[in-house]
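What follows draws every value from the coordinates through simple rules; no lab data is involved. Owing to the predicted nature of the structure, the values given are computational and were not obtained by experimental measurement. With ideal geometry, Cβ positions are generated from the backbone for all residues, glycine too; neighbour counts draw on all protein chains shown.
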Amino acid sequence: MDKKWWMESVGYQIYVKSFKDGNDDGIGDLLGIHDKLSYLSDLGVNLLWIGPFYDSPMDDNGYDVRDFFKVNPTYGTLDDVKRIIRDAHQLGIRVILDFVLNHTSDEHPWFVASRSSVDDPKRHYYIWQKGRMTKDGLIEPTNWASFFGGSCWTRNPGTDDYYMHIFSKKMPDLNWANPLVRKEMAKVGAWWLDLGVDGFRIDAVSHLDRAPFEDIETTSRGPVLDWHRFSNLPAVHPYLKEMNERLFKPYGCLTIGEVGGEASIEEGLKYAAFDAEELSMVFNFDHNWCNNLHESDDPDALITDVHCLRRTFMAWQKAFASDGWLPLNWLNHDQPRLLSHYGSKAYPKRSAKMLATMLHMMRGTPFIYQGEEIGMKNYPFTKADEFRDIASIQQMKTLERDMPDVNQEELVRIVAKTSRDHPRTPMQWSDEPNAGFSSQTPWINVHPDYQSVNVRLEQLDHRSILAYYKQLIDLRLSSRYQDVIKDGEIRFLDLDDPDLMTYLRIGDSITLLVINNMHDIEKPYDLSPYDTLRVVISNHDTPIIKDHVLTLKPFESMVFEVKEHL
Ligand code: GLC
Ligand code: CA
């Protein structure tokens, strides 16, 4: 295996709007990120993924880009970006940016031109189809729904054709079948790489090709979401090979494609196997929804589905063991908070550390989502006007329409289960007003627990979640265990256990036994197959071992250096 720098990295994801407000207008910004570089360096991460900060009308918080080469003035200036790159590099931290290939804003000059006339040279930068004439008038080219609800087609005023958008109607999809689009997008990437960025997290990368435009069979009247119609279709691969050839490979940059929950492992390998010549890694979401939050009536009462987590982590780890490299991430800016999903209300600190251990001891490149390292939780939404995310607002509207008899409170409860606003409440820096995020009222409410959950408190406590993350990062990047943690073989154990996630990491001369109790029970664990040489890290006091049986406390994690008895 060709060793790349990102195989020796620990990443940290920043959602700009919610990280730190540097100029006190209530909105996170680039100055804020710059101010916190020393915090990040102290945490020990050496790779930042910074979300989109490009010029944008902010329909989807910047994933709707109006100008790829300009910085949204609310977030700062290009000089701020340059300063972040320069000073991060000085601290040994690399920087990757979000690169949005699938769509632009409808206010992007390309789209403004494209929609202006069927003869415009930019017409085929986007996907246009004629509507269908029915006895009820003109209807959309297909009955496909977008991810954010409603049809994925919007009619251009004055004509009978429609443009496609798999997200909001302010985010028209680029037409990747057009070689000019591919060329333009490679130019965008090169411009940022020339500025000094180290690579990209590539947004929604699996959607660049579309199935033939035919209706989905259904009995329902409205549009239907079937992501197969625009996910992982064959032409995605030649497009990415071309981008790799033209852009990624010449710069030797890191590329992590978001393939979401739509890509199978086989697909994942097509994108990111070492010999795929497409992307360095892919973010998949298979482990993101194991507890089936969507369906649950009481998210607080969820008991973690260990079988599902083991099955998915094991399958991806196995498939990529010798042929590729994986990012290791729990959740992100589109998902609920980790602690509220897989952690414990009764044992927040211990369960947060257990979840961190489970992930950070695997093979790959860990990514921490801002706030995870201090145990931030889902926001207790009670009113519809607390939502900011376009997807949540859209979902509220759809529910109001479809469930007219259900009261608002209940609808808010449904949307709150999976709202993308949970991970976007302001980062909690201190117990000062607005959690030290800003001196002004933030654009989205601060979580009410900020006085007891914040960076400052965590920094004062050597047994905090934050201190534990630092320890984990240190183990991976600079301890005597670094090789086995980064790239040792992984062998999952206790495959039928409903409570424990256990695995061995096997290196040339060191073997680690990683044991995580994911439930609120005491649990015996038989250590007799091993000589336990020493404790590498643990989220609890001294382990209780008697007659080779370890008694695990609820949510306890233990990592031992061991010798296996042959
Ligand atoms: C990705 C982003 C998400 C965004 C969408 C459209 O899924 O993570 O936040 O809404 O793409 O760009
Ligand atoms: Ca600001």
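Each of His34, Met427, Leu195 was placed along the dipole of the chain (beta-carbon charges, centred on the mean Cα), and the one lying farthest toward the positive end is Leu195. As a proxy for reagent exposure, Ser419, Ser538, Ser351, Ser322 were ordered by neighbouring Cβ count within 10 angstrom, fewest first; the result is Ser322, Ser538, Ser419, Ser351.
Which of rounded, prolate, oblate describes region 1-138, given a ≥ b ≥ c as roots of the alpha-carbon gyration tensor eigenvalues and a/c under 1.5 marking rounded, otherwise prolate only if a/b is larger than b/c? Cα axes put region 1-138 in the prolate bin.
Over the chain, dividing the summed -39,500 (n - 2.57) contributions of all DSSP H runs of at least 4 residues by the number of residues returns a 222 nm mean residue ellipticity of -7500 deg cm²/dmol. Listed by chain and number, the lysines placed with their C-alpha closer than 21 angstrom to that of Lys417 are Lys345, Lys377, Lys383, Lys397; residues fewer than eight positions away on the same chain are left out. Taking every alpha-carbon pair under 8 Å whose residues sit at least 6 apart, region 109-164 reaches a relative contact order of 28 percent. Averaging the sequence gap over all C-alpha pairs within less than 8 Å and six or more residues apart, then dividing by the number of residues, gives the chain a relative contact order of 12 percent.
For the peptides 217-225, 396-404, 205-213, 478-486, the ranking by mean Cβ contacts within 10 Å, running from highest to lowest, is 205-213, 478-486, 396-404, 217-225. By the Stokes-Einstein formula, at 1.567 mPa s and 4 °C, the chain with its Kirkwood radius over alpha-carbon pairs has D equal to 52 µm²/s.
Taking the three principal axes of the alpha carbon atoms in region 238-321, the coordinate ranges are 50, 23, 19 Å, sorted in descending order. Using a 4.7 Å Cβ-Cβ cutoff, the cysteines of the chain lacking any partner cysteine are Cys152, Cys253. Long hydrophobic helices in the chain, taken as whole DSSP H segments with a C-alpha length of 15 Å or more on their own axis and mean Kyte-Doolittle hydropathy at least 0.0: 465-478.
Here is the size of region 109-164 from its Cα atoms: Rg then Dmax, 11.8, 36 Å. Each 10 Å bin from zero holds the following percent of Cα-Cα pairs in region 102-205: 15, 42, 30, 10, 3, 0. Each listed q (0.15, 0.31 Å⁻¹) maps to a log10 I(q)/I(0) for region 332-382 from the Debye sum over equal C-alpha point scatterers, namely -0.40, -1.34. Our analysis of region 373-438 gives Rg over Rh at 1.07, with the two radii drawn from alpha carbon positions and Rh computed by the Kirkwood formula.
Using 1/(1 + (r/R0)^6) with R0 = 45 angstrom and r between the beta carbons of Leu566 and Asp297, what's the FRET efficiency to the nearest 0.05?
Once the sixth-power term is evaluated, E becomes 0.35.
Each label was represented as a point 7 Å from its Cα along the Cα-to-Cβ direction; for Asp531 and Asp474 these points are 2.8 nm apart.
For the chain, the share of DSSP beta bridges that are antiparallel, to the nearest 5, is 65%. Just need log10 I(q)/I(0) for region 453-565 at q = 0.11, 0.21 Å⁻¹, Debye formula, equal scatterers on the alpha-carbon atoms, no solvent, rounded to two decimals. Result of the Debye calculation: -0.38, -1.25. Relative to the Cα centre, the charge distribution of the chain, modelled as +1 at Lys and Arg Cβ and -1 at Asp and Glu Cβ, gives a dipole magnitude of about 820 debye. Treating each Cα of region 360-470 as one equal point scatterer and applying the Debye formula with no solvent, the log10 of I(q)/I(0) at q = 0.11, 0.20, 0.21, 0.23 Å⁻¹ comes out as -0.45, -1.02, -1.07, -1.17. Mean silhouette area of region 457-497, derived from the convex hull of its C-alpha atoms and averaged over all directions, reads 4.3 nm². On the principal axes of its alpha-carbon atoms, region 181-268 has extents of 52, 27, 20 Å, going from largest to smallest.
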